[in-house]
Amino acid sequence: MNTILFIIQKEFIQVFRNRMMLPIIFVVPLVQLIILVNAATFEMKNIKVSVIDLDLSSSSRKLVSKFQGSPFFMVKNVSFSDKEAEKEMKKGNVDMILHIPYGFERRLVKENAAKIQVIVNAINGASAGLIDAYSSMIILDFNRQLLVDFMGPDILSSAQNINVSSNYWYNPKLNYKTYMVPGILCLLVTIIGFLLSGMNIVREKEIGTIEQINVTPIRKVQFIAGKLLPFWIISLFELAFGLLVGKLLFNIPIIGSLWLIFLSAAVYIFVILGFGLLISTMTNTQQQSMLVSFFFMVIFILMSGLFTSIESMPVWAQNLDRINPIAYFIRIMRMVMLKGSDFHDIRDSFYSLVVYALAIVSFAVWRYRKVT
Amino acid sequence: MKRFTGFVIKEFYHIFRDYRTLLILFGMPAVQLLLFGYVVTNEIKDAKVAIYDQSKDEVTRKLTEKVLSSGYFILEKNLGNYNQIGPTFREGKTKLVIVFGSNFAEKLQREGRANIQILGDASDPNTANILVNYASGIINNYLISMNSGQVPMRIIPEVRMQYNPGLKGVFMFVPGIMAMLLMLISALMTSLSITREKELGTMELLLVSPLRPIQIIIGKVIPYVVLAFLDACIILGMGKFVFGVPIEGSLILLLAESLLYITMALSLGILISSITNSQQVAMTISLMALMLPTILLSGFIFPVENMPVILQWFCQIMPPKYFITIIKDIMLKGNGFIYLWKESLILAVFTVMFILISIRKFKIRLA
């Protein structure tokens, strides 16, 4: 036991005597939270619209002004030719084209139905989906209002009508930051833990100090434990710091139990550190270790459900995601922080993490050889 | 010249004899593109929905059927009372709950109106927003078909998803991964390879050799130009032949722009290596200052226009942003050079600037 304590002491001294370390521990989370949370947003405002109004009737003008009045849309240019509007979209000046054909109002009155065309720049699929949702909402709204204007208020009650009311739970204002902060906190802990542990043993290898340790009576398990614990403490501290910053700066809700968050984090960090150590034992230079870590990190992060939802992935990818520790932790964090899920709700993810931690740490211990 | 070619050959040996790194450099684009190409889509389908049907009559059954047969939703469970909604959401699977009011069909017949509540789990706000919209759209359509002829003055929006009808994720990952990997190979690997010579002390050997400093730098850079260019071709080829991402514009222009971007990234790498002395510092700078902006502040995943104004300014000084715009324009929109000269010029200016600064910073004197 004493041996482990000494290794831990050594690691702490090593970390804190490195002048780069303290800024990394305190500044990186701040910068990440502030930049990432603000940058990683799908919240659409000022969607730029090009309007082609060939009808020029009072109804079509009303529809256009409806778009103009919405906080989501901004009418950027008005033209009469498809070509010109499409050119604007090609240039990237507009995100959506609203095409009202000639005879729109006449058809509405005479044929009871009229078509309009909405063309969305869909290169970024997520934005396109939202633009579509917002615009159809406005058109539907306008349609109702139009009916009342033309036919009087009775029209809605004369036909059979279903009253649809919608309600957004947990986040009534659809604030995207609330959704991102828990995910970004996971990233924070992950990156710090991964970098610290991934670079650690390989650095000792590169400098040559690993040989000095190899000739001491320190056992493998003790060595790995001594390496893991300091980073584990630092990472947990990071999480606490991040939660505090998130609460103060973004006022994110923490509905569920803090204990549950830290309990899951404690297990999760072991997985990440184990992963880092494993890579560290399998590579020879810091450059290699960095590349391998980077490779896994990018895949894990992009498949974690942080930016795109896991449910819309194909089934095989969802199965593959079972070996993605970040996905488990992000799910847990979001559920507990935003919805107040309790242990019973997250138990599957939690137990998976426990199994994962045990497996990967024992694998790292087994893979580390004292004999060269 | 012979000396120079000899030096370039040495650099190639350096790279080719490190199998692991080489494997990662070529494996990374392939694996990442394959994974993301198939995995990341923004199309929402099969979202789990729970239904709390208080009346269980013909109309609600029909509506339920309509919702479930739309392809967007699958039934997770039927709820028995209001109190079950909270726990259902907390379990995390169900994204949407539809509540039909009591005596639905009867009220609809007699009073002409009946109530439906759509509750979305907005802890994921975007998905909730889109799903609620889908569901109310379906219900509205049903209403219209039920009243057909009775509801006058219907506006029918025809939506066309320009450039990417299937809302596929690949369309943003091909440009994004190109910008990211070319940056990684060009800037990061170059800066590491130069600082490593400094760290190991072999830089002195090179500086006292008859090779001129400019030759050393160019010799260092050439292998990475080749590697990066090969990677670019792999990504483009896979995008086209595996995922069917079109190349609407000119291929030659596309490759030329890629070369421009590679040169820019390389000069950035040289700049980093000329101001640092250890691999670790070079690595930290590259990762923090290059990768993060490349992924997040470039419009790769998140559109720049949605960010706060200050961050938008910040994005304007990120070279990858311009490259991603260029690639998307050429590949997906088929734009020619007339549309892109501004972005290309900015990249060129960045390149010249980085080179000038690194020439000033580069020391041929021994410490």
When Lys and Arg each count +1 and Asp and Glu each count -1, what net charge do the other residues less than 12 Å away from B:Arg17, Cβ to Cβ, add up to? 0
Residue span A:Arg367 to A:Lys110: 0.36 nm per residue of separation minus Cα-Cα distance leaves a gain in nm of 84.7 nm
Beta bridges by DSSP in the range A:47-158, antiparallel share as percent, to the nearest 5: 25 percent
Taking every eigenvalue of the Cα gyration tensor of the range A:47-158, multiplying by 5 and rooting it, what semi-axes result, largest first, whole Å? 26, 16, 11
Which value at 222 nm does chain A reach when only helices count, each DSSP H run of 4 or more adding -39,500 (n - 2.57), with the total divided by all residues and rounded to the nearest 500 deg cm²/dmol? -21000 deg cm²/dmol
Could you give the DSSP H helices of chain A that reach 27 angstrom or more along their long axis (alpha carbon positions) and whose average Kyte-Doolittle hydropathy is no lower than 0.5? A:125-151, A:176-198, A:220-245, A:258-282, A:343-367
Out of the trypsin sites (Lys or Arg not before Pro) in the range B:1-34, which ones are loop residues according to DSSP with at most 10 other C-beta atoms within 10 Å? B:Arg17
What is the helix-to-structure angle for B:170-183, meaning the angle in degrees between its Cα long axis and the longest Cα principal axis of chain B, kept from 0 to 90 and rounded to the nearest 10? 20 degrees
I'd like the Karplus ³J(HN,Hα) series for the range B:313-330: coefficients 6.51, -1.76, 1.60, θ = phi - 60°, whole numbers in Hz, and an x wherever there's a Gly or Pro. 4, 4, 5, 5, 9, 9, x, x, 4, 5, 5, 4, 4, 4, 4, 4, 4, 5
Residue-averaged beta-carbon neighbours from other chains (10 angstrom radius) around B:92-99: 3
Using the alpha-carbon centroid of each, what span in Å lies between the range A:69-83 and the range B:5-75? 33 Å
For A:Gly274, what charge total do you get from the other residues with a beta carbon under 11 Å from its beta carbon, if Lys and Arg give +1 and Asp and Glu give -1? +2
Only bridges whose two residues both fall in the protein assembly as shown count here: according to DSSP, what percent of them are antiparallel, nearest 5? 20 percent
Sequence-distant or interchain residues sharing an amide H contact under 5 Å with B:Arg154, placed H: which? A:Ala113, A:Ala114
Scan the range A:275-372 for trypsin sites (Lys or Arg not before Pro) in coil per DSSP, keeping those whose Cβ has at most 15 other Cβ atoms within 10 Å, and list them by number. A:Arg369, A:Lys370
Please list the non-local residues whose amide H lies under 5 Å from the amide H of B:Arg160, H modeled 1.01 Å from N, same-chain partners needing a gap of 5 or more. A:Val118, A:Ile119, A:Val120
With the cut-off at 31 Å, tell me which of the pairs A:Lys90/B:Lys66; A:Lys48/B:Lys342; A:Lys247/B:Lys66; A:Lys76/B:Lys48 have Cα atoms farther apart than that. A:Lys90/B:Lys66; A:Lys247/B:Lys66; A:Lys76/B:Lys48
Is the range B:246-327 best put as rounded, prolate or oblate by its Cα gyration tensor, with a ≥ b ≥ c the root eigenvalues, rounded for a/c under 1.5, and otherwise prolate when a/b is larger than b/c, oblate when not? oblate
Contour minus Cα-Cα distance for A:Phe6 and A:Ile255 (0.36 nm per residue): 85.7 nm
Exposed GluC sites (Glu not before Pro) absent: longest stretch of chain B, with sites in DSSP loops and at most 16 other Cβ within 10 Å deemed exposed: B:112-247
At 222 nm, what value in deg cm²/dmol follows for chain B if DSSP H runs of at least 4 each add -39500 (n - 2.57) and the sum is divided by all its residues, to the nearest 500? -19500 deg cm²/dmol
So how far apart, in nm, are the two label points at B:Ile214 and A:Ser165 if each is 7 Å from Cα heading toward Cβ? 7.6 nm
Under 5 Å between amide hydrogens, which residues at least 5 positions from A:Ser70 or on another chain qualify, with H placed 1.01 Å from N in the peptide plane? none
Apply the Karplus curve 6.51 cos²θ - 1.76 cosθ + 1.60, θ = phi - 60°, to the phi angles in the range B:87-92 and return the couplings in whole Hz, x for Gly and Pro. x, 4, 5, 5, 5, x
Pop the C-beta distance of B:Tyr82 and B:Lys56 into the FRET formula with R0 = 25 Å and round what comes out to the nearest 0.05. 0.95
Loop-only check: which trypsin sites (Lys or Arg not before Pro) in the range A:219-317 are DSSP coil with at most 13 other Cβ within 10 angstrom? A:Arg219
FRET efficiency for B:Arg113 and B:Leu345, using Cβ-Cβ distance with R0 set to 51 Å, rounded to 0.05: 0.25
Relative contact order as a percentage, chain B, C-alpha pairs under 8 Å and 6+ apart, gives 18 percent
Work through the residues other than B:Tyr322 whose Cβ is under 13 Å from its Cβ and net out their charges, Lys, Arg +1 and Asp, Glu -1. 0
FRET efficiency estimate (nearest 0.05) - Cβ-Cβ, B:Ile252 to A:Asp348, R0 41 angstrom: 0.20
Karplus 3J(HN,Hα) series, Hz, for the range B:54-64 with 6.51 cos²θ - 1.76 cosθ + 1.60 (x for Gly, Pro): 7, 10, 6, 10, 5, 5, 5, 5, 5, 4, 4
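A short reminder: the numbers here are calculations on the coordinates, not readings from a lab. Just so we're clear, the structure is a prediction, and the values are computed from it rather than from any experiment. All Cβ positions, even for glycine, are placed from backbone atoms using ideal geometry, and neighbour counts span all protein chains on display.
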